[in-house]
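Written out below as structure tokens is the structure these notes cover.
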Amino acid sequence: MIDDGVVKYSLQFTQTDEVAKKECQKIEKTRERLFSLGLIGAYDNGIGYGNISLRYTKKNAFVITATQTGELPKLSPKYYSLVKNVDFKTFTTTAIGVSKPSSEAITHACIYELDARINAVIHVHNEKLWRFMLENDYLSTNDTPYGTPEMVEDVRDIYKDINPMLNNAFVMKGHFEGVVVFGKSLKQAEKALYTIVQELLN
Ligand SMILES: [Zn+2]
């Protein structure tokens, strides 16, 4: 099921001017490459997929691409949102910006919580990559839809006994084509993705 277009958690959103322009510009460099490879984009039905975030200061806040931006090759800062907090008890996301955050923000939030050294999270869609990872026993969430409390549980479960800094990629079994990589930097997260692509091509 392709369902990236739907916001499934409650959102406390305050519309402001553009936020965190420096972080937006950093994300853009990575995003342009992923977009050109089709790892971020939109399906024929117009629903966009893929999102990127970057930790904002040292707290659990982060800047993330806005919802339904997948089809746009370039994003100005108005297409980004600053997620200030995700309350995992109520699954309420507090965010500011010109546009609302990606609906996968809660998954990003729980990844930042795994380790303070994680500064970047990338979520892409690709069927070949997704199948390859499922068939080759990469870390995987259960048959869980994205953007749900269950997905957060799954991610925490994966890394209960596994060091996220050494295993920075997983596949989303219940979210068709969904793959997540993360790292200390956008560069490291992006590299994790290309490493798997290389393994697929070998
Ligand atoms: Zn997705």
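Where a number appears in this text, it was derived from the coordinates with a stated rule and is not lab data. All values reported here derive from a predicted model rather than from experimental measurement. Quick reminder, even Gly has a Cβ in these numbers, built from the backbone with ideal geometry, and neighbours come from all protein chains shown.
Could you name the lysines in cross-link range of K26, using Cα to Cα under 26 Å and dropping any fewer than eight places away on the same chain?
In chain and number order, the partners are K58, K59, K74, K78, K84, K100, K184, K187, K191.
Got the relative contact order for region 10-201 handy, in percent, Cα pairs under 8 Å and 6 or more residues apart?
21
Below 12 angstrom from the Cβ of E32, what's the summed charge of the other residues (Lys, Arg +1; Asp, Glu -1)?
+3
Please report the equivalent ellipsoid semi-axes of the chain, computed as sqrt(5 x eigenvalue) of the Cα gyration tensor, largest first, in whole Å.
Semi-axis lengths for the chain are 23, 19, 17 Å.
What size of dipole, in debye to the nearest 20, comes out for the chain about its Cα centre when the only charges are +1 on Lys and Arg C-beta atoms and -1 on Asp and Glu C-beta atoms?
980
Taking the dipole about the Cα centre of the chain, with the C-beta of Lys and Arg at +1 and of Asp and Glu at -1, give me whichever of H175, L129, G50 is farthest to the positive side.
G50
Kindly write out, for region 107-122 in residue order, the coupling ³J(HN,Hα) from the Karplus curve 6.51 cos²θ - 1.76 cosθ + 1.60 (θ = phi - 60°), rounded to whole Hz, with x marking Gly and Pro.
5, 4, 4, 6, 6, 4, 6, 5, 7, 5, 7, 6, 10, 8, 9, 10
Once the other residues with Cβ under 12 Å from the Cβ of L72 are scored (Lys, Arg +1; Asp, Glu -1), what is the net sum?
Value of the local net charge: 0.
Dividing the alpha-carbon Rg of region 69-109 by 2.2 N^0.38 Å yields what?
So region 69-109 has a normalised radius of gyration of 1.24.
Just to confirm the filter: which trypsin sites (Lys or Arg not before Pro) across region 26-133 are DSSP coil and have at most 13 other Cβ within 10 angstrom of their Cβ?
Here the trypsin sites (Lys or Arg not before Pro) that fit, given the DSSP loop and packing criteria, are K58, K59, K74, K89, R117.
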